[in-house]
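The values are calculated or read from the model by the stated rules, or taken from the named source; none is laboratory data. A quick note: this is a predicted structure, and the numbers were derived from the prediction, not measured. No Cβ is skipped: glycine too gets one built from the backbone with ideal geometry, and neighbour counts run over all protein chains shown. All accessible areas refer to the heavy atoms of the entire protein, side chains included, with ligands and DNA or RNA removed. Shrake-Rupley method; radii C 1.70, N 1.55, O 1.52, S 1.80 Å.
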Amino acid sequence: MKYLKFNTGSKMPVIGLGTWKSSPGKVKNAVEEAIKVGYRHIDCAAVYQNEKEVGEGIKAGLKNNQVKREDLWITSKLWNNAHKKEDVIPALKQTLKDLQLDYLDLYLIHWPVAFRPGLEGFPENEDDYLSLEEVPIIETWNAMIEAKKQGLVKHIGVSNFSIKKLEDLIDQTEVFPEVNQVELHPYLHQDDLLQFCQTHKVHLTAYSPLGSGDRSPQMKADNEPSLLENETVVKIAKSHQCTPAQVLIKWSVERGVSVIPKSTNPERIKQNLASIEVELSADDMNQLKVLDKHFRYVNGKFFETTDKYQNIYDE
Ligand code: A2P
């Protein structure tokens with residue numbers, strides 16, 4: 001396995017198991033199976049509403065495979081309804097309880113969007129949102145720093161942050177985010193963001209690397225392009241006798257970012273980890289480069305129903 005390294009000496013395995021959309025009843029086995037076949041990085045979030053079951057999977061995976069907690073890298077994310085300074089550590093503690101852990105390796109602010117404290121589900125009206133003037137990101141970030149000081153998390157970062165939002169944050173703090181988790185795949189290269197993050201020593205993690213075809217219909221646009229069926233991806237896969245998913249996963253690794261394909265299927269869980277062995281040539285990477293069309297599967301429009309949040313990605 002390859003790793004992304006941190007200044008403390010910690011190492012994040014570049015391929016992790018995604019758990020967004022992993023349904024209850026399946027995710028415990030998926031996590032346990034992943035640990036069994038060699039995954040050491042699991043990506044979670046409170047809003048996925050499955051952390052209790054993920055926790056069961058981690059517990060079983062550790063026990064049945066004689067793996068130690070310190071050999072795993074566990075990431076989770078602060079949901080939008082707990083951005084106020086007094087709500088961050090309680091939300092983190094709930095996640096730790098659900099995951100049956102006493103620390104996380106990485107905790108991320110899930111979105112640069114704040115909801116009314118404690119709001120269950122998605123906002124239904126203006127009052128369910130708090131603007132970034134009402135709860136500035138720096139307020140949330142300072143509480144994340146405090147969580148790190150208390151030893152509840154080893155590293156802190158953000159997710160879905162544009163260059164502008166990262167700049168705004170790092171202008172106000174000495175403690176830079178260590179990771180930004182964003183959507184990345186051959187239809188969305190985000191070269192400028194990648195370069196900005198490399199310059200400022202912020203690692204990137206790629207979500208939706210396979211196009212997240214299992215999103216709910218409300219989250220899908222009409223006629224979305226398929227990554228797994230893309231002609232170029234399929235052709236490259238054939239030339240290496242691997243699968244299109246493996247090409248997509250290795251593409252992220254080649255760009256120096258970590259990647260968290262989701263699967264609850266044992267065969268595909270194993271296959272996705274084995275992507276590390278696929279050797280993409282410079283020519284393969286060039287062919288994948290021209291696929292960039294700035295297309296997002298997770299377009300953030302669901303937060304743009306209020307005047308408080310427009311243009312989430314600052315584009
Ligand atoms: P499943 O969980 O049944 O394997 P993303 O990681 O971009 O969110 O994509 C997740 C989707 O991709 C899920 O529908 C998942 O289905 C599917 N998937 C995961 N691994 C593979 C694979 N190796 N080949 C094809 N589809 C896959």
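Summary table
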| quantity | calculated |
| --- | --- |
| Potential lengthening between E120 and H240 on full extension [0.36 nm per residue; Cα-Cα distance subtracted] | 38.6 nm |
| Difference of contour (0.36 nm per residue) and Cα-Cα distance, R268 to K289 | 5.0 nm |
| Mean Cβ count within 10 Å, highest first, over the residues of peptides 117-129, 49-61, 88-100 | 49-61, 88-100, 117-129 |
| Gaussian network model of the chain, springs between alpha carbon atoms under 10 Å - residue of S159, S226, S22 with greatest fluctuation | S226 |
| Order by protection proxy (mean Cβ within 10 Å, highest first), peptides 237-247, 27-37 | 27-37, 237-247 |
| For the stretch 1-118: accessible area per residue (Å², 1.4 Å) | 42 |
| Gained length - N299 relative to K63, 0.36 nm times residue gap less alpha-carbon distance | 81.0 nm |
| Compactness of the stretch 185-315 as Cα Rg over 2.2 N^0.38 Å, two decimals | 1.11 |
| Table column - 3J(HN,Hα) (Hz), the stretch 149-158, Karplus curve with 6.51, -1.76, 1.60, x for Gly and Pro | 4, 6, x, 6, 9, 8, 9, 10, x, 9 |
| DSSP bridge pairs, the chain: antiparallel proportion in percent, nearest 5 | 20 |
| The stretch 22-27 - phi-based ³J(HN,Hα) in whole Hz, Karplus 6.51/-1.76/1.60, Gly and Pro as x | 7, 6, x, x, 10, 6 |
| Distant-in-sequence amide H partners of L78 (H built 1.01 Å from N, under 5 Å) | L108, I109, H110 |
| Where labels lie 7 Å past Cα in the beta-carbon direction, separation of E279 and K2 in nm | 1.4 |
| Globularity ratio of the stretch 32-180, using Cα Rg and 2.2 N^0.38 Å | 1.07 |
| Per residue accessible area of the stretch 181-233, 1.4 Å probe, in Å² | 47 |
| Accessible-area composition of the chain, carbon plus sulfur, in percent [1.4 Å probe] | 47 |
| Percent of beta bridges antiparallel (DSSP, the stretch 123-209, rounded to nearest 5) | 10 |
| The chain - convex hull of the alpha-carbon atoms, volume per residue in Å³ | 129 |
